[in-house]
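**Q** Quick one: the structure is below, and I'll ask about it shortly.
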């Protein structure tokens, strides 16, 4: 069968694309664009703006976090991790995949190695004598499709720039640089899917000028997100990936304390014993909160105090205590310490700040007088309850309704204070 003749325009485009890629591969390390590698926007050769455009053109919701809490990711979401510079949380990602999530880790010589070893995927350098070179350039190696995997549809060749190779004794390569030297592997992890690409530069704008690379990027985006209705998280080299799947905020110091409170609330134990346990946990909260005040708080999300519609969290605890007619003072004190810590962080104040310092900082932010008055009333009320906790004849009683009212007021005021990153 005769191949169709290319027009002059198509020939010129091909020459320009190959020339640009050759120049980028030959450029010395210090001559790269000022724009960081894998930037999600911009027009530099090393950005991934075209990859983002491919996803958005398919009406896929794309998120580009500067910090990713795996606990906030749903099972129908997808992760595209590019050249990670910090070790990935293998347990959290494995749980995400087991629940049905899909992920692609594109990494050559970065920090993804420890995560890949969990799945017995090895990584190494290609044999320069085996792989086909683009125009004889030893940096630009050409991988060919193996089999009929969906990721290889319409892709006759995939060009890599200074790639590594990956291998797994039970998985056949989808694209191979040579015998046993895979550029792309994919496999099932329980209900989920994992794709491994041993060269993240396959996805930079310069490389996506090649038809095969562009089609592979399209295939990958569709494979990760197909009819799932979730979000595609594009995770760049500087993005921190933290937490535990299914547990938002698990990397926060007080997360396990909250879990302990919920465990106490789930036990059918006598009222006095329950109060003793709550007091002990609240004392731990005081120590942790005071120890954390001088440092930058780990809380990052406006959802810190969001209460889920399920029976977990503060709502579940409130419902439990309300059924048993137990005082909610101690859980409220735990909330008080977390709230104060986050207020100080958002206002960039020292851990020894006084109430007047908080109000002055809010005023400098341009917040209205009504917010200042509401903040003053709330913090004074929480301090009053804290001061009466150990006073005879008995601690003040906080009902479920009062507990919810104070938490809602705190949530509303906190939402009006922009975090430092957005201030």
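The values are calculated or read from the model by the stated rules, or taken from the named source; none is laboratory data. Just so it is clear, the structure is predicted and the values come from calculations on it, not from any experiment. All Cβ positions, glycine included, derive from the backbone under ideal geometry; neighbour counts span all protein chains shown.
**Q** Which ones in the stretch 111-141 are in a strand (DSSP E or B) and closer than 27 Å to residue 235 by Cβ?
**A** 122, 123, 124, 139, 140, 141
**Q** I'd like the residue in the stretch 62-72 that is over 18 Å from residue 82 (Cβ atoms) and touching a strand residue (DSSP E or B) at 6+ places or on another chain (Cβ under 8 Å) and, out of all such residues, is surrounded by the most Cβ atoms within 10 Å (Cβ to Cβ).
**A** 69
**Q** Another question, if that's okay. Please verify whether the stretch 224-237 includes one or more residues that are out of contact with any strand residue (DSSP E or B) (no Cβ under 8 Å at 6 or more places or on another chain), modelled with pLDDT of 95 or more and assigned by TED's automatic domain parsing to the domain that holds residue 160.
**A** No, the conditions are met nowhere in the stretch 224-237.
**Q** Could you run through the stretch 81-127 and say how many residues are free of Cβ contacts under 8 Å to residues at least 40 places away in the same chain and either more than 25 Å from residue 161 (Cβ to Cβ) or over 14 Å from the mean Cα position of the chain (by Cα) (or both)? Break it down into steps so the answer makes sense when it comes.
**A** Narrowing the stretch 81-127 to residues free of Cβ contacts under 8 Å to residues at least 40 places away in the same chain: 87, 90, 111-115, 117-118.
With the extra rule that they be either more than 25 Å from residue 161 (Cβ to Cβ) or over 14 Å from the mean Cα position of the chain (by Cα) (or both), the set shrinks to 90, 111-115, 117-118.
The qualifying residues number 8.
**Q** To continue, here is another question. Tell me which of these residue 250 doesn't satisfy, since it passes every other one: (1) farther than 22 Å from residue 85 by Cα; (2) at pLDDT below 85; (3) in contact with a strand residue (DSSP E or B) (Cβ under 6 Å, 6 or more places away or on another chain).
**A** (1)
**Q** For the stretch 339-382, give me each residue that is free of Cβ contacts under 8 Å to residues at least 24 places away in the same chain, part of a helix (DSSP H, G or I) and out of contact with any helix residue (DSSP H, G or I) (no Cβ under 8 Å at 6 or more places or on another chain).
**A** Within the stretch 339-382, 356, 357, 360, 361, 364, 369, 370, 373, 377 qualify.
**Q** Could you grab me the full set of residues in the stretch 142-169 that are surrounded by 21 or more Cβ atoms within 10 Å (Cβ to Cβ), in a loop (DSSP other than H, G, I, E, B) and at pLDDT 95 or above?
**A** Correct list: 155 only.
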